[in-house]
Every structure is written in structure tokens, then in C-alpha cells.
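Right, one structure below, let's go through it.
The values are calculated or read from the model by the stated rules, or taken from the named source; none is laboratory data. Given the structure is predicted, the values throughout are model-derived calculations rather than measurements. Note that we place each Cβ from the backbone using ideal geometry, even for glycine, and neighbour counts take in every protein chain shown. Accessible surface areas use protein heavy atoms only, side chains included; no ligands, DNA or RNA. Shrake-Rupley method; radii C 1.70, N 1.55, O 1.52, S 1.80 Å.
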Amino acid sequence: MASTGLSQRDPQSLLLALLDPANRADPYPAYHQIREAGPLQLPGMTLTVFATFGDCDEVLRHPSAANDRSKATLAQREPEPQQRQIGPPSFLFQDPPDHTRLRGLVSKAFAPKVVKALEPDIAALIDELLDRAERAGTFDAVTDLAYPLPVAVICRLLGVPIEDEQHFSRASALLAKALDPIYTVTGESHDNIDEIVDAGRWLRDYLRDLIARRRAHPGEDLMSALIGVEESGDVLTEEEIVATCNLLLIAGHETTVNLIANAILALLRHPHQWAALRADPRRGSAVVEETLRYDPPVQLTSRIAADDMTIGDTTVPKGDIMLLLLAAANHDPAIAERPDKFDPDRATIRHLGFGKGIHFCLGAPLARLEASVALTKLVERFPDARLAGEPQYKPNLTLRGMAHLAISAR
């Protein structure tokens, strides 16, 4: 594996190695080295990096760990370029009491029964995609299954017309790049920042138009539910609905694509696990949970210290950004024996794949359902499937995932 600076021990070199696309196929040696080096503190960048399970878990649950980026010292000096232009944040990037209010309202329209009711549609979509793959004989597990499935589900959930799904896919892929901590680590904006900003503006304009149509003609979709949701006279504003749908599209698409594709890759690299799932479809949920630990679709996240904080033995000054390397934490030997081994048969599978605390992923049940159904149907349909080439990875770091994964179905 090519690397940049992995032999160096200074914090910034270790972080720059993670940003290097050459390490995207296997970032885990870099994560291991950062975890072994202990919490990294870069005072000049007002940045602290945590990589153990205990530290990341504590930050995610800490009452002084904020998600409002405006509270960061770095943002007060000069906001990130994309944050100045794309629009107001979703509730994911808000703190209580605003986060509590918005998440509570959205949760009413995202109840478990809504997710469960989607299962027949999800199964039908997967069957349709696998029918095409079966006819072809060789197919791409990303472009032919993992990628089209979640965007179709999210679009149906939101009530987006089928003909607009491809536009949503493109916007989602571009906006996912904006989550990488390039500015935090290097002080530079993304190379394609203008394209990202344009995608954000297009998506928000599209959603505003769709909201107007749903107000005039409500349906059974989630957007209509968000418009109609009310509690004690409280309702979501148009901008709050736009920001929420924007979040659901990006978080609900790219992450689920990566979860499904990463699980397929792990199973194919461990043929006995592919055969075991074929023999017992009930193993699907365990495969999904182990994938969330072993090769998580969200590799890192961040929080801001709203006050001076102490995490373990590390003091974090107020306003510092705390970068949490979730993928490194999931491979911490403190919570998993043989952490670098893919093993769905672990007695206990602990991970931070969906976060922790008040910002625990709202769409976790939907992602789990999509991935479990996709995997069980795939191994049933193609019991003798095998890799037809090495995976090709996108440059994204935060939502790390493959662009292509060639599979021979026969």
C-alpha cells in the first residue's frame, strides 16, 4: 500500500496520510498508528484527534461536545467556504434545544412502522436489480446494486418523482465530498468547491419546489408528513424541511451505499462467510453489524468543545475541534479481539458506526434493513459469486466507499 508520512510521528503528517487518496483502499494501518500515538493535539490548528473507542465514545456522549460548527474557534476566525454558501444547517449540526425540537418533530414522521412498511418495496427493488445482474452474468456491485437501491428508497420515501432520481444521485455524491475535513486539517477548500456549492443550491431549490407541490397536493410520503407534523403548535419551517430532506438524502444515500458494498466485499474476501449467510439468512443482521465495525461507511466525525473539556487524560480547550476517527475506534483491541479480522460470529459486536448519544443516526433502522435484505437476496441468487477485480475507491475520506466492485455472478 502506498503511503504518505506513515513512518513519521508528528501529528500533522499522520493526518495528511489519511487525506492521501493513495491510502483510501486500506486506511487501517494509518488509523492504527494514530491510535497508538495517543490523542493528537495541534494547538495552532485548534484541533484534537481521538482514535480509541473509549475516547470517541466519551466525546459523543459528553454534554459539552457541540455539533454547531459556528462554536469552533476556527469557524469564528474564518468560516469554511462551503458553510458560508450552501445554506442553513440541518438538525445534525445543531445543539439542544434546537436539535431536540427538530429531531423530535422529524422522528414523528420517521417512526419504525414507516421503515417497516418499506420492506416490500425494498425487496422488490433488489429483485429487479438482481434480475438485471443475473442476465448480464458479470456486474458491478456498486453501480448495479449498492448505489441505485438507497437513492431509490430515499426518493420514494420523500416522494421524489422517479425521473429525478439520477439528479439526486449526482447531487448526493458531490455533497458527500464536502464532509471531508480538508479545511480543518490543511486550511484549504476542496478542489471542486464551486461544483459542490452549485449542487447544494440546486438541491435546495429543487426541494423548495417539491415542498410547494406537496403543500398543494399532500401524499403519503415523508415530505408531506414533515409538512404536516405538529406538536403543541410547533411546526417545521420551510428551511427546516429543506435542510432535513437534504440531510436524509446525503446521509441516507452515501452511507447505505458504502455499508452494502463494504459488506459484499468483506463476504467475498471471506468465502466461508458468504456460504454461511447463504445457508442461514438470519445471519444477515450480524454481517451488517460486523461490517459497521470492521469497515464502517462513516469513517470519522467531529465535535466542538463548547467549554473546556477533559477526555481521558487529555484537556481540550473551549472552541477546539475534536476529530473522532470512528473507524480507528472500531478497531481498538480494547473492545474487539482480533479487531482486524472480519468475524460476524463475535460474541459481542461493539461499534460506533451510527454514532452515539443524542446524534445517534436517525436512519439506522432503514440502513440496517436495506443492507440486510440486499445481502441475503444477493447470496441466495448468486451462491458462487466471486470477485472479478480489485475494488476502485472514491477519493472521499469521511464517507469512504467504492466507486466500482466487479463481481462474476457465475
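Structure values in brief
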read-out: Phi-based couplings in Hz for segment 257-263 (Karplus 6.51, -1.76, 1.60; Gly and Pro marked x); value: 4, 5, 4, 5, 5, 4, 5
read-out: Chain lengthening between K341 and H217 when straightened (0.36 nm per residue, less Cα-Cα); value: 39.5 nm
read-out: Whole-percent pair-distance distribution, where bins are 5 Å wide, for the alpha carbons of segment 329-410; value: 3, 11, 12, 17, 25, 21, 9, 2, 0, 0
read-out: Solvent-accessible surface (1.4 angstrom probe) belonging to D55, in square angstrom, nearest 10; value: 30
read-out: Net charge of Cβ neighbours under 13 Å - reference I260; Lys, Arg +1; Asp, Glu -1; value: -3
read-out: Hits among lysines - C-alpha to C-alpha of K71 under 19 Å, sequence gap 8 or more where chains match; value: K318
read-out: Globularity ratio of segment 305-358, using Cα Rg and 2.2 N^0.38 Å; value: 1.44
read-out: For the chain, alpha-carbon Rg and Dmax in angstrom; value: 20.8, 61
read-out: Placed amide H near H404: partners under 5 Å, 5+ positions off or other chain; value: Q392
read-out: Segment 229-320, dipole about Cα centre (Lys/Arg Cβ +1, Asp/Glu Cβ -1), debye to the nearest 20; value: 920
read-out: Alpha-carbon Debye profile of segment 232-388, log10 I(q)/I(0) at 0.10, 0.15 Å⁻¹; value: -0.46, -0.88
read-out: Ratio of the Cα radius of gyration of segment 190-289 to 2.2 N^0.38 Å, where N counts its residues; value: 1.56
read-out: Per-residue HN-Hα couplings for segment 287-299 [Karplus 6.51, -1.76, 1.60; θ = phi - 60°; Hz; x = Gly/Pro]; value: 4, 4, 5, 5, 5, 4, 8, 6, 8, x, x, 10, 7
read-out: Hits among lysines - C-alpha to C-alpha of K394 under 19 Å, sequence gap 8 or more where chains match; value: K177
read-out: Label-point separation in nm, D384 to A136, each point 7 Å along Cα→Cβ; value: 2.0
read-out: Filtered GluC sites (Glu not before Pro), segment 328-410: DSSP coil and at most 12 other beta carbons within 10 Å; value: E337
read-out: Difference of contour (0.36 nm per residue) and Cα-Cα distance, D234 to K318; value: 27.0 nm
read-out: Sites R208 and T143, calculated FRET efficiency, Cβ-Cβ separation with R0 30 Å, nearest 0.05; value: 0.50
read-out: Extension gain (nm, one decimal) between D127 and V114, 0.36 nm per residue minus Cα-Cα; value: 2.6 nm
read-out: Segments 29-36, 270-277 sorted - mean Cβ within 10 Å per residue, highest first; value: 29-36, 270-277
read-out: Cα centre as origin, Lys/Arg/Asp/Glu Cβ charges: the chain dipole, Debye; value: 580
read-out: Residues whose placed amide H lies under 5 Å from that of D307, excluding near-sequence neighbours; value: G319
